[in-house]
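The values are calculated or read from the model by the stated rules, or taken from the named source; none is laboratory data. Values in this document were obtained by computation on a predicted structure and should not be read as measured data. Using ideal geometry, Cβ is built from the backbone for each residue, glycine included, and neighbour counts are taken over all protein chains shown.
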4 protein chains.
Amino acid sequence: MRAIVKPAPGPGLEMVEVPAPRPGPGEVLLRVKATSICGTDLHIRDWDPWAQSHLRPPLVVGHEMCGVVEERGEGVSAPAVGDLVSVESHVVCHRCSFCRTGKGHLCENTEILGVHRDGVYADYVVVPAVNAWPDPPDMPYSIASLQENFGNAVHAASVPRVAGRKVLVTGCGPVGIMAIAVAKALGARSVYATDISDFRLELAAKMGADLTLNPTRTDVVEAVADATEREGVDVLLEMSGAPSAIDQGFSVLKPGGEAALLGLTSAPIMFDLDAHIIFKGATVHGVVGRKLWDSWLEMRGLLRSGAVDLAPVVTHRFALEDFETAFDLMASGECGKVVMFPDPADADGPLL
Amino acid sequence: MRAIVKPAPGPGLEMVEVPAPRPGPGEVLLRVKATSICGTDLHIRDWDPWAQSHLRPPLVVGHEMCGVVEERGEGVSAPAVGDLVSVESHVVCHRCSFCRTGKGHLCENTEILGVHRDGVYADYVVVPAVNAWPDPPDMPYSIASLQENFGNAVHAASVPRVAGRKVLVTGCGPVGIMAIAVAKALGARSVYATDISDFRLELAAKMGADLTLNPTRTDVVEAVADATEREGVDVLLEMSGAPSAIDQGFSVLKPGGEAALLGLTSAPIMFDLDAHIIFKGATVHGVVGRKLWDSWLEMRGLLRSGAVDLAPVVTHRFALEDFETAFDLMASGECGKVVMFPDPADADGPLL
Amino acid sequence: MRAIVKPAPGPGLEMVEVPAPRPGPGEVLLRVKATSICGTDLHIRDWDPWAQSHLRPPLVVGHEMCGVVEERGEGVSAPAVGDLVSVESHVVCHRCSFCRTGKGHLCENTEILGVHRDGVYADYVVVPAVNAWPDPPDMPYSIASLQENFGNAVHAASVPRVAGRKVLVTGCGPVGIMAIAVAKALGARSVYATDISDFRLELAAKMGADLTLNPTRTDVVEAVADATEREGVDVLLEMSGAPSAIDQGFSVLKPGGEAALLGLTSAPIMFDLDAHIIFKGATVHGVVGRKLWDSWLEMRGLLRSGAVDLAPVVTHRFALEDFETAFDLMASGECGKVVMFPDPADADGPLL
Amino acid sequence: MRAIVKPAPGPGLEMVEVPAPRPGPGEVLLRVKATSICGTDLHIRDWDPWAQSHLRPPLVVGHEMCGVVEERGEGVSAPAVGDLVSVESHVVCHRCSFCRTGKGHLCENTEILGVHRDGVYADYVVVPAVNAWPDPPDMPYSIASLQENFGNAVHAASVPRVAGRKVLVTGCGPVGIMAIAVAKALGARSVYATDISDFRLELAAKMGADLTLNPTRTDVVEAVADATEREGVDVLLEMSGAPSAIDQGFSVLKPGGEAALLGLTSAPIMFDLDAHIIFKGATVHGVVGRKLWDSWLEMRGLLRSGAVDLAPVVTHRFALEDFETAFDLMASGECGKVVMFPDPADADGPLL
């Protein structure tokens, strides 16, 4: 089968032929229908310090996907052959104290597809059956593929209480714009969004942001103060990892407010614990991955009810073999979610 | 001024002339713009056992209203003369341990307008300034009046987590149908509603119910099981106080589910604690009044964002002097919220 | 090996010789060191309606135990042969939506040892490795055996917030007296306890109850009101299942209070939802089983720190073959926890 | 009367004669029985940047105290003349949205005794009646005085769940050592404590710390890892404000852990949001002041039950007129809580 691999330490990816995997006990073999690109995949392609310390090539990369069950290993009772499934990319141990207490997203033995074991940018992939999440058969493949990433947004926006409240989302990458939609679906009174890309701010508006702010042109702190009668916001969803955005976000967070942090800063930053957290009596939640499997259940509810529509998130579609162009587009930031199809016939929209 | 009073113990109400009240320190005098009828007002008119044990006539009745600040007593800095305000009907002591810990709705010294002290079915009323909640000047009077009642629905639907979940509302009186709208605004995956009145079920559908069920014709337990792949609902909002509805509601509540109880049964009932609560590991919340003032803040958010539209709730408008017809209509149950206007010129819709 | 079995439908139990079980994949074979008797075991012996509907004889009975790992099935990496372990009696599926979201105690496919599959009143038993909870090697066998039951008490007393609060425990069977100790360990200001047995009330006092009340002689409602300056208690832990105790308990629960219900009523009862839950704005938690595995972790912390001492709970020890006397004692109610040892040499106290 | 005042901008304090205050409506006049010194008082004496920006001399300083009600202003119904009371130093507005929703500790119009209005280092002081918290008449004056400060410890240790868990307290000043006692009283499995002063570490051990660590001699991260089987702690209570302690504390916080931050850093610091909060899925709570009045109620419970004994916290007693020596001692850090008595006859222990 074809697969996109990191052949050896160093920058770059290659599409090569590799043997198709076989499902072991408790596993399923999936025929990949669609895959999508995450920021992590760019780090892997570019071989940044994080990638250098986490990957051991050679490895098939990629972790967001949907596919159809082609074959089941021993002892698998669900899903059925032929089912459409999305994939949770974190393979957890089910034995550590985190897994045993409903905190599988913190499993100390997590293996991530496309990072610690072969990933999904391929014609086929094998995953534990428990990681295959059944989708309705009529779900568009592009939406099914990005559910794993949507789960981060659901996780982040579900931890603080947003109902009836004013929310600021700093950073309008794919997770940011999906978090905007979730916050609105959960009854947020208003959602303000910041990003330095006007393209992304337009997507943010499409996903429901009431006010979009480009900090290269606008004083975000002042603008949010204006919009909130000088009170600030009740909730901050930090999706950028940018020190200036973090500082702006906490500056307009009300006393007693809640912040959910998902964007990575990649290095320690100067941070004012007194002003941003202590004097405010604020609560700050670190958000990593998706809650296994609460976030998936909540996603299902939000999508099936129509409370969230992810269609505008998918801005570009490619054949899997055109992955280099797709990655370059993703790196430019002038996009929402970029989806790649191993079989062009599976594309649920025009390919580029 | 004119006022509707309970002149003496016994059934019935009368419209009479009484002296207009004067605001004392910390109080405001309001010119009443609109008032609405609550089930409690029917109990008071009919002089049922509850009314007999709580009221000491003579008394001006009524507790749901909006009005304009006409005069401020000593020491009042807000709201301003001329402001449109809704009224929280529970006058609390601010001193007991409940008031001191953010649980004013449980204040042990609560006085309710129209029950323990003169109410709002009149041209003017005096209330503590802190009970006058500022409304946007363009809010329709009928909506502003029923906010106090809307607060019960917000309180009830906010206590359990409804986001992405399946919700059953048993009882589609005004609070029930408003709770449907709140549950949808907070991201509920689906809302099922039951009532024995088809008129009310139609209102329920207008407010967003995905499925309406009349237990006089339909097996509610079976129908909800069908609608939920035999799983049942995650959340029960019990608004009827009817033993059969309570039993149906708990029967379809999933293990680990949450129930919020607001409807009063008026007497002990046969209840299966084992099956309904213990074996299910369910959580049951008693809901009384509105959270002071969390529910009001949440209401403001839900209304200003447009997440909830209360317009369909107001089904009938009357001049205050036609209160007898209005009460009879309310007693029939073939209505949503019935609003009465002291000055017909203030009506925001055709009077009956 | 020897085992106590329910040979066929009908009252009674027998000790017989049966083949020792063998561990399958993922399972461990345990040599039983101590077992304890639960109320459920009495129902099984007496073949009450609950037992009739849940058991399919022949079956080895019993579900509380500790033992030493004798042999491991395929794929088991922990615990090690020779480890002392306690056993979680609920064998759950790890696949249903409850298991997947940290609510394994509500698993819809639960099998209970000694109820749905062979139990622990025997020389050996096989359980899934994941159900074997490692104990410190120096833990007394009697304490290790009753941990499973202690978990119910920890679960019940951990759900409401008891720190600095006044707590009423209705029902001083083994779970009740252990819940008293947990409430004290978690900082309860005072714990009041009721039971109709003076023997049990003495145990309650030993476990830390500040006030013990026998409703056959004392007006519980009045006595608790006296003890609490007429305010009532913040938390009710209902462990009796007796309608009168339930009514007393809720009568003295403060507005805004929390109740955890664990005692089973076995049939619907007359219950005043208005007075007991709704007007009070109370929160009621159904408590079933132990949280998998949060309760076990919390138990470990409470026992290892010495915050809870379970020694007084174990009032009687027997050789396993004297099970009939042990069961009769348990049925009399004049005991705390009754522990039986397959090998009398393992007894950590004098046998009766 | 005598009072310790900041006469004008600049370092230093003076004891002078000033007119005794008179209680206005809603206020009470208290005769001061005991006062204690807080770190804030040192900042005020030394006139650091914080003091320069918050105080407008002349002003009577001090905010921790107990006293006896000498006279009541108009409209005060409680407490009674002669009652012993402790004082909540934050005078809040009862009108802002924080005060209205049970978050009075975040009131946007807070006035603090001894900072924004005349304080308690005097023979008499006037405070709002609602700020006077009734104490049992037999409570030692030194304990009654430091309750306000104890409230910070209760607030901090109550926000995370500590029951059965491992807790690290970084910083063993008065609030730190009281937090140790609270954590133990709430069922913590073990409490580890760090400070650079051996005197304070000895106090920490007296208050219940299971392990004390001096980072000038010990590798805290390694020592905590050793003590916790390399797992780290579930809860961090940060009381030092020292960047190195903050870094050590977060380094040993487990994934999914909770941190409560109370110590002030006085300036932004380098902080690793990725490692310390995001990847760990940690929750961080800013802790300011006491919860009005939840913390006071919880304090009452913990003290009256005997779960917490504050006697070891009071290490030194002085006559009020010896305030300079008392302040110097407090500045040295070689003390727990330092209490000063306007009338030496009120001292509940030997004066220095």
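Go through the stretch B:203-214 and count every residue that is in contact with a strand residue (DSSP E or B) (Cβ under 8 Å, 6 or more places away or on another chain) and farther than 21 Å from B:Thr228 by Cα.
Counting residues in the stretch B:203-214 that are in contact with a strand residue (DSSP E or B) (Cβ under 8 Å, 6 or more places away or on another chain) and farther than 21 Å from B:Thr228 by Cα gives 1.
For the stretch D:1-22, indicate whether the set of residues that are out of contact with any His (no Cβ under 7 Å at 6 or more places or on another chain), in a helix (DSSP H, G or I), buried (at least 20 other Cβ atoms within 10 Å of the Cβ) and modelled with pLDDT of 95 or more is non-empty.
No, the stretch D:1-22 contains no residue that is out of contact with any His (no Cβ under 7 Å at 6 or more places or on another chain), in a helix (DSSP H, G or I), buried (at least 20 other Cβ atoms within 10 Å of the Cβ) and modelled with pLDDT of 95 or more.
Hey, can you tell me all the residues within the stretch A:124-159 that are away from every other protein chain (no Cβ under 11 Å) and in a loop (DSSP other than H, G, I, E, B)?
Selection gives A:Asp135, A:Pro136, A:Pro137, A:Asp138, A:Met139, A:Pro140.
Could you grab me the full set of residues in the stretch C:279-298 that are of a type in the set (S, T, N, Q) and surrounded by fewer than 24 Cβ atoms within 10 Å (Cβ to Cβ)?
Hit for the stretch C:279-298 is C:Thr283, nothing else.
Kindly evaluate D:Asn152 against the criterion of being closer than 30 Å to D:Ala345 by Cβ and surrounded by fewer than 24 Cβ atoms within 10 Å (Cβ to Cβ).
Yes; evaluated as a whole, the condition is true for this residue.
Given the structure, is B:His105 of a type outside the set (Asp, Glu) and away from chain D (no Cβ under 14 Å)?
Against the criterion (of a type outside the set (Asp, Glu) and away from chain D (no Cβ under 14 Å)), B:His105 does not qualify.
Looking at the stretch C:19-60 only, could you name the residues that are aromatic (Phe, Trp, Tyr) and touching a helix residue (DSSP H, G or I) at 6+ places or on another chain (Cβ under 7 Å)?
C:Trp50
Restricted to the stretch A:66-119, and to residues that are among the polar types (S, T, N, Q) and outside any helix (DSSP H, G or I), which residue is surrounded by the fewest Cβ atoms within 10 Å (Cβ to Cβ)?
Checked the stretch A:66-119; the qualifying residue surrounded by the fewest Cβ atoms within 10 Å (Cβ to Cβ) is A:Ser77.
Tell me the residue from C:Val126, C:Val159, C:Val81, C:Val76 that is of a type in the set (Val, Ile, Thr) and touching a helix residue (DSSP H, G or I) at 6+ places or on another chain (Cβ under 9 Å), please.
On inspection, the qualifying residue turns out to be C:Val76.
For the structure I just gave you, tell me whether B:Val221 is among the β-branched types (Val, Ile, Thr), under 24 Å from C:Thr265 (Cβ atoms) and in contact with a Ser or Thr (Cβ under 6 Å, 6 or more places away or on another chain).
Taking the combined requirement at face value, the residue satisfies it.
Which members of the stretch A:184-197 meet the condition of being under 19 Å from the mean Cα position of the chain (by Cα) and under 13 Å from B:Ala188 (Cα atoms)?
A:Lys184, A:Ala185, A:Leu186
Would you check if there is a residue in the stretch D:38-60 being surrounded by fewer than 14 Cβ atoms within 10 Å (Cβ to Cβ) and in contact with an Asp or Glu (Cβ under 7 Å, 6 or more places away or on another chain)?
No, the stretch D:38-60 has no match at all.
Does the stretch A:287-312 hold any residues that are within 13 Å of the chain's Cα centre (by Cα) and under 30 Å from A:Ser251 (Cα atoms), and which are they?
A:Val287, A:Val288, A:Gly289, A:Arg290, A:Lys291, A:Ser295
Of all the residues that make up the stretch D:299-347, how many are buried (at least 18 other Cβ atoms within 10 Å of the Cβ) and part of a loop (DSSP other than H, G, I, E, B)?
Residues in the stretch D:299-347 being buried (at least 18 other Cβ atoms within 10 Å of the Cβ) and part of a loop (DSSP other than H, G, I, E, B): 8 in total.
Under 8 Å by Cβ, and 6 or more places apart or on different chains, what pairs join a residue from the stretch A:290-309 that is at the interface with chain B (Cβ under 10 Å from one of its Cβ atoms) and closer than 8 Å to B:Gly164 by Cα with one that is in a helix (DSSP H, G or I) and hydrophobic (A, V, I, L, M, F, W, C)?
A:Glu298/A:Val154; A:Met299/A:Phe150; A:Met299/A:Val154; A:Leu302/A:Val154; A:Leu302/A:Val182; A:Leu302/A:Ala185
Being away from chain D (no Cβ under 11 Å), assigned to a strand (DSSP E or B) and either closer than 18 Å to A:Gly286 by Cα or polar (S, T, N, Q) (or both) is the filter here, so list the residues in the stretch A:220-262 that pass it.
Selection gives A:Val235, A:Leu236, A:Leu237.
Taking the stretch B:263-286 as the search range and keeping residues that are more than 13 Å from C:Phe271 (Cα to Cα) and more than 7 Å from chain C (Cβ to nearest Cβ), which one is nearest to the chain's Cα centre (by Cα)?
Here the answer is B:Gly263.
Any idea how many residues of the stretch D:314-352 are among the basic types (Lys, Arg) and more than 12 Å from D:Tyr141 (Cα to Cα)?
Looking only at that region, the number is 1.
Would you tally the residues in the stretch D:116-169 being in contact (Cβ under 8 Å) with a residue 40 or more places away in the chain and more than 30 Å from D:Lys254 (Cβ to Cβ)?
32
Does the stretch A:77-98 hold any residues that are modelled with pLDDT of 95 or more and within 30 Å of D:Val233 (Cβ to Cβ), and which are they?
A:Glu88, A:Ser89, A:His90, A:Val91, A:Val92, A:Phe98
Conditions tested, residue by residue: (1) farther than 22 Å from D:Trp133 by Cβ; (2) small (Gly, Ala, Ser).
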| site | (1), (2) |
| --- | --- |
| D:Met15 | yes, no |
| D:Glu27 | no, no |
| D:Leu30 | no, no |
| D:Gln52 | yes, no |
| D:Leu59 | yes, no |
| D:Cys66 | no, no |
| D:Glu70 | no, no |
| D:Ser77 | no, yes |
| D:Leu84 | no, no |
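When you scan the stretch A:160-191, how many residues do you find that are part of a helix (DSSP H, G or I) and at the interface with chain B (Cβ under 9 Å from one of its Cβ atoms)?
Summing the residues that are part of a helix (DSSP H, G or I) and at the interface with chain B (Cβ under 9 Å from one of its Cβ atoms) in the stretch A:160-191 gives 3.
Of these, B:Ala193, B:Ala185, B:Ala179, B:Ala204, which one is in contact (Cβ under 8 Å) with a residue 24 or more places away in the chain, farther than 21 Å from B:Gly241 by Cβ and crowded, with 24+ Cβ neighbours inside 10 Å?
B:Ala185
Out of the stretch C:63-102, which residues are more than 14 Å from chain A (Cβ to nearest Cβ) and either of a type in the set (S, T, N, Q) or within 14 Å of C:Lys291 (Cα to Cα) (or both)?
Across the stretch C:63-102, the qualifying residues are C:Ser86, C:Val87, C:Ser89, C:Val91.
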